[in-house]
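Worksheet: the structure to be examined is printed underneath.
Taken together, the values in this text are just the output of simple stated rules run on the coordinates, not laboratory data. All of these numbers come straight from a predicted model, not from anything done at the bench. Don't worry about glycine lacking a Cβ; one is built from the backbone with ideal geometry, like all the others, and counts go over all protein chains shown.
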Amino acid sequence: MTTLRGDGTPHPLDISLGRNIRLRRKSLGMSQSALGEAVGLTFQQVQKYERGKNRVSFSKLAGIATALQCRISDLIEGLEDGAEADPGDNRAALLGETGALELLQTYASVKSPRLRRAIISLAKGLSDQPEDVEDGADDANRPRREARTRWRRRT
């Protein structure tokens, strides 16, 4: 059953439930195919549940919770009282990004604060996101390094 609203988008609660299922599944290192097999679904149906495209029935939710070795309440956490998900709180969405959980686990294993700052700086640089300005210095005052390349002619 599709859960599109009048504007053609899935309901935010269905999206949030799907995100919680995805986070739990990924934290266990389980594939969509493995979860689908455990509850009698195809990986495409699991994918639709996780994206909120299709609504999860209560019986399927119970089966999914069993397969994910958790309680139903763990999967519906943060969805109480029918309130829609807070659009300003996107931590769950960020963790649902491909590779985010692995990156966070690796980051947590780094003990050096200096290396952690270097990882954050690298990630910001790769994402073209400006770094926070520290010590009152801005980009205009920072010395720029130019790449120097030496060309040698083969003879």
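Charged neighbours of Arg24, selected by a Cβ distance under 14 Å, balance to +2 (K, R count +1; D, E count -1). Here Val46, Val56 are placed in order of increasing Cβ neighbour count within 10 Å, fewest first, which gives Val56, Val46.
Between the amide H of Asn54 and those of Tyr49, distances stay under 5 Å, these residues lying 5 or more places away or on another chain, with hydrogens modeled in the peptide plane.
Each of Asp74, Asp7, Asp14 was scored by other Cβ atoms within 10 Å of its Cβ. Arranged with the fewest first, they read Asp7, Asp74, Asp14.
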